[in-house]
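Undergrad: Input: one structure, supplied below.
The values are calculated or read from the model by the stated rules, or taken from the named source; none is laboratory data. Here the structure is a predicted model, which is why all the values come from computation and not from measurement. A quick note on method: Cβ atoms are made from the backbone with ideal geometry, for glycine too, and the neighbour counts reach across all protein chains shown. Keep in mind that these areas ignore ligands, DNA and RNA; they rest on the heavy atoms of the full protein, side chains included. Shrake-Rupley method; radii C 1.70, N 1.55, O 1.52, S 1.80 Å.
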Amino acid sequence: MDTKSKSINTYAVTSAVVHDSQATDDLLNENDEGQELYADSAYTGETQEETIALCKMINKVCEKRYRNNPLTEEQKNKNTEKSRTRARVELVFGFMEQSMNGLKLTRAIANRQSKSIGIVRATGIIGLINLTYNLFRYEQVIRLNISHK
């Protein structure tokens, strides 16, 4: 998602057993070079860092604390700053779930289907939900630009 326009650029759909961070390869590409990547601490690790470096992105993933190794105050402050940007993305998911009822519908359909059909249908539905959200967002941007003139 682009944090400036708040529009969805790329998405990946996986089954519930796949952790979100395992889809990093599917979401990033060479066109993202020089862009900042904001994500929560679940996206830390060698594999994710290699993918981010390979795409030549600026790593803004929140740092993770480990047992017997708490974050320093500086790391906490950096995570707070990173989380402010990430919050813009989370608002989109909240809008999609509450205003569009889309994400609940997708789970229900995916649960009723065989794995292969469920993923295909869920991918199509989520693609349409993302498109619908982007149209809502586009209309909002146009409306706001007209009212500020």
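Undergrad: Counting only protein heavy atoms and a 1.4 Å probe, tell me what percentage of the chain's accessible area is made up of carbon and sulfur. Each step should come with its number before you reach the end.
TA: Numbers: 5510 of 10730 Å².
Answer for the chain: carbon and sulfur cover 51 percent of the accessible area.
Undergrad: Tell me, what ³J(HN,Hα) does each residue in the range 9-16 have, in order and in whole Hz, if you take phi through Karplus 6.51 cos²θ - 1.76 cosθ + 1.60 with θ = phi - 60° and put x for Gly and Pro?
TA: Per-residue couplings from phi come out as 9, 9, 8, 9, 10, 10, 6, 5 Hz.
Undergrad: Okay, moving on. Which ³J(HN,Hα) values, rounded to whole Hz and listed in residue order, are derived for the range 18-26 from phi using the Karplus coefficients 6.51, -1.76 and 1.60 in 6.51 cos²θ - 1.76 cosθ + 1.60 with θ = phi - 60°, glycine and proline given as x?
TA: Running phi through 6.51 cos²θ - 1.76 cosθ + 1.60 with θ = phi - 60° gives 8, 5, 3, 5, 6, 9, 4, 4, 6 Hz.
Undergrad: Then there is this: Once you order the gyration tensor axes a ≥ b ≥ c over the Cα atoms, which shape class does the range 9-66 get: rounded for a/c under 1.5, otherwise prolate or oblate by comparing a/b with b/c?
TA: Values: a/c = 1.88, a/b = 1.09, b/c = 1.73.
It is oblate, given that a/c is not under 1.5 and a/b is not larger than b/c.
Undergrad: May I ask for the distance between the Cα centers of the range 134-149 and the range 2-24, given as a whole number of Å?
TA: Measuring centre to centre over Cα atoms gives 25 Å.
Undergrad: Next question, about the same structure. For the pair ALA12/GLU50, report the inter-label distance in nm, with labels modelled 7 Å from Cα in the Cβ direction.
TA: Rounded to a tenth, the inter-label distance reads 1.4 nm.
Undergrad: Something else about it: What residues have an amide H closer than 5 Å to that of SER7, excluding those fewer than 5 places away on the same chain, when H is modeled at 1.01 Å from N in the peptide plane?
TA: Close amide H contacts, sequence-distant or interchain: ASP2.
Undergrad: Could you give the DSSP H helices of the chain that reach 18 angstrom or more along their long axis (alpha carbon positions) and whose average Kyte-Doolittle hydropathy is no lower than -1.0? Please list the in-between numbers first.
TA: Values: long enough: 73-99 (37 Å, -1.43); 115-147 (47 Å, 0.55).
Membrane-span-like by this criterion, though nothing is claimed about a membrane: 115-147.
Undergrad: Work through the residues other than GLY34 whose Cβ is under 13 Å from its Cβ and net out their charges, Lys, Arg +1 and Asp, Glu -1.
TA: Details: positive: LYS56, LYS60; negative: GLU30, ASP32, GLU33, GLU36.
Charge balance in the 13 Å sphere: -2.
Undergrad: What residue among ASN79, ASN69, ASN59 shows peak mean-square fluctuation when the chain is described by a Gaussian network model with Cα springs under 10 Å?
TA: ASN69
Undergrad: Please give the net charge around LYS6, taking every other residue with its beta carbon less than 12 angstrom from that of LYS6, where Lys and Arg add +1 and Asp and Glu add -1. Provide the component values of the computation, followed by the final result.
TA: On the way: positive: LYS4, ARG88, ARG137; negative: ASP2, GLU90.
Surrounding charge for LYS6 is +1.
Undergrad: Which of rounded, prolate or oblate describes the chain when judged by the alpha-carbon gyration tensor and an a/c cut-off of 1.5?
TA: Working: a/c = 1.79, a/b = 1.19, b/c = 1.51.
Oblate is the answer for the chain, as a/c is 1.5 or above yet b/c matches or exceeds a/b.
Undergrad: Moving on to the next point. Just to confirm, what accessible area per residue do you get for the range 1-59 at 1.4 Å probe, in whole Å²? Present the calculation step by step, with values, prior to reporting the outcome.
TA: Details: 3890 Å² over 59 residues.
Each residue of the range 1-59 exposes 66 Å² on average to a 1.4 Å probe.
Undergrad: Rank SER147, SER83, SER21 by accessible area, highest first, at a 1.4 Å probe radius? Walk me through the numbers on the way to the answer.
TA: Values: SER147 80, SER83 45, SER21 15 Å².
Largest accessible area first, the residues go SER147, SER83, SER21.
Undergrad: Moving on. Can you give the net charge of the other residues whose Cβ lies under 15 Å from the Cβ of LYS78, counting K and R as +1 and D and E as -1? Don't skip to the end; give the middle numbers.
TA: Numbers: positive: LYS60, LYS64, ARG65, LYS76, LYS82, ARG84, ARG86; negative: GLU36, ASP40, GLU63, GLU73, GLU74, GLU81.
Residues near LYS78 contribute +1 overall.
Undergrad: Quick check: residue separation of GLN140 and ARG121 times 0.36 nm, minus the Cα distance between them. What number comes out in nm? Display every interim value, and only then the final one.
TA: On the way: separation 19, 0.36 × 19 = 6.84 nm, distance 2.86 nm.
Answer, rounded to one decimal: 4.0 nm.
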